[in-house]
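A.B. asks: If you scroll down you'll find the structure; I have some questions about it.
We did not get these values from a lab; they are worked out from the coordinates using the rules stated. Model, not experiment: these values are computed from the prediction. Please note: Cβ atoms are built from the backbone with ideal geometry, for glycine as well, and neighbour counts cover all protein chains shown.
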Ligand SMILES: [Zn+2]
């Protein structure tokens with residue numbers, strides 16, 4: 001049976017090598033695969049991506065910006081380090097050497113989208129850098145993997161109309177900006193009205209959630225997806241499945257939405273099931289999610305995706 005999963009052990013970047021101490025949860029893919037292996041009684045195979053090429057990067061980003069990534073100071077700005085999060089004196093490698101690493105993660109999103117177009121559903125167990133702008137990186141996002149994949153696939157004639165469903169805690173502002181004049185890319189963002197980014201961009205459909213409205217989240221997110229699909233028929237959906245609205249996410253800035261694990265599970269299953277039932281190819285990416293517990297959100301989503309792809313865990317497994 002073909003695997004719908006894209007992953008590389010290199011996703012679990014050792015940031016200590018770069019002098020960085022931030023709770024990025026880069027091991028989410030590894031944690032998901034370990035739990036799935038436990039459920040299924042064997043390792044679930046995955047496909048390893050190669051790095052995305054410069055011509056594809058330049059479909060989204062300016063040559064000046066890409067050139068500037070050779071300078072470690074530009075990376076410091078993108079990661080917005082606070083306090084002791086960056087200790088250059090402890091680094092064994094300069095930050096700009098993360099470029100190859102980021103290119104592979106972007107290649108993962110490209111590969112997952114290609115696999116979705118062939119097989120229906122696929123997941124990159126990483127990626128989702130939805131804040132990157134064409135001329136600068138922001139909010140931990142260096143290259144906009146989703147936009148690079150979408151532009152490349154469209155250029156190659158592999159798809160024409162794309163729906164990007166972004167349920168990360170933070171607005172998919174880079175995505176909104178990049179595709180604001182492209183009627184063939186529908187950008188839907190359900191996000192916290194409060195917190196970063198202070199200045200929001202205009203998506204095709206924005207659904208801001210205010211603090212105290214967590215109980216309305218599932219209804220609004222589900223309704224927004226159905227609204228998008230009622231007027232737009234995509235031949236690919238990219239699901240930006242950020243786990244930072246989860247109550248156990250540790251980033252202080254994500255405190256305004258606190259969904260339980262069960263609610264996160266319902267959220268992800270609604271998106272996956274809707275695409276599967278309508279026969280819309282869907283590729284998911286992880287996007288935001290911080291701290292030691294958020295991987296469990298992605299585990300349940302990946303498990304659902306595997307079930308749609310024909311992988312069923314033996315009886316007795318969690319579920
Ligand atoms: Zn986020």
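A.B. asks: With both bridge residues required to lie in the range 5-308, what share of the DSSP beta bridges run antiparallel, to the nearest 5%?
C.D. replies: For the range 5-308, the DSSP antiparallel bridge percentage is about 10.
A.B. asks: What nm distance separates the two modelled labels at residue 77 and residue 277, each placed 7 Å from Cα along Cα→Cβ?
C.D. replies: For residue 77 paired with residue 277, the spin-label model returns 4.7 nm.
A.B. asks: Moving on to the next point. What whole-number distance in Å separates the alpha-carbon centres of the range 228-288 and the range 180-223?
C.D. replies: Using only Cα atoms, the two centres lie 12 Å from each other.
A.B. asks: When the chain is fully extended, how far beyond the present Cα-Cα distance does residue 2 get from residue 308, taking 0.36 nm per residue of separation?
C.D. replies: Full-extension gain reported as 109.0 nm.
A.B. asks: Quickly work out the residue 17-to-residue 235 label distance, labels modelled 7 Å from Cα along the C-beta direction, and quote it in nm with one decimal.
C.D. replies: Going by the 7 Å Cα→Cβ label model, 4.0 nm.
A.B. asks: Using label points projected 7 Å from each Cα along Cα→Cβ, tell me how many nm separate residue 96 and residue 227, to one decimal.
C.D. replies: About 4.5 nm, to one decimal.
A.B. asks: Using a Förster distance of 30 Å, how high is the FRET efficiency between residue 62 and residue 161, based on the Cβ-Cβ distance and rounded to 0.05?
C.D. replies: Computed FRET efficiency for residue 62 and residue 161: 0.70.
A.B. asks: Still on this structure, please answer the following. Quick one: grab the alpha carbon gyration tensor of the range 51-181, order the square roots of its eigenvalues as a ≥ b ≥ c, and give me rounded if a/c is under 1.5, else prolate or oblate depending on whether a/b is larger than b/c.
C.D. replies: Prolate shape, in that a/c is at least 1.5 and a/b is the bigger ratio.
A.B. asks: GNM on the chain, C-alpha springs below 10 Å: top fluctuator among 28, 73, 138?
C.D. replies: The residue that fluctuates most here is 73.
A.B. asks: Still on this structure, please answer the following. Could you tell me whether the range 191-286 comes out rounded, prolate or oblate from its Cα gyration tensor? Rule is a ≥ b ≥ c as square roots of the eigenvalues, rounded for a/c under 1.5, then prolate if a/b exceeds b/c, otherwise oblate.
C.D. replies: prolate
A.B. asks: May I ask you to compute the full-extension gain from residue 260 to residue 215, defined as 0.36 nm times their residue separation minus their alpha-carbon distance, rounded to one decimal in nm?
C.D. replies: Full-extension gain reported as 15.2 nm.
A.B. asks: Counting pairs of alpha carbon atoms under 8 Å apart in space and at least six apart in sequence, what relative contact order in percent does the chain give?
C.D. replies: Computed value for the chain: 21 percent relative contact order.
A.B. asks: Need one word for the chain: rounded, prolate or oblate. Basis is the Cα gyration tensor (sqrt eigenvalues a ≥ b ≥ c); a/c below 1.5 gives rounded, then a/b vs b/c decides.
C.D. replies: rounded
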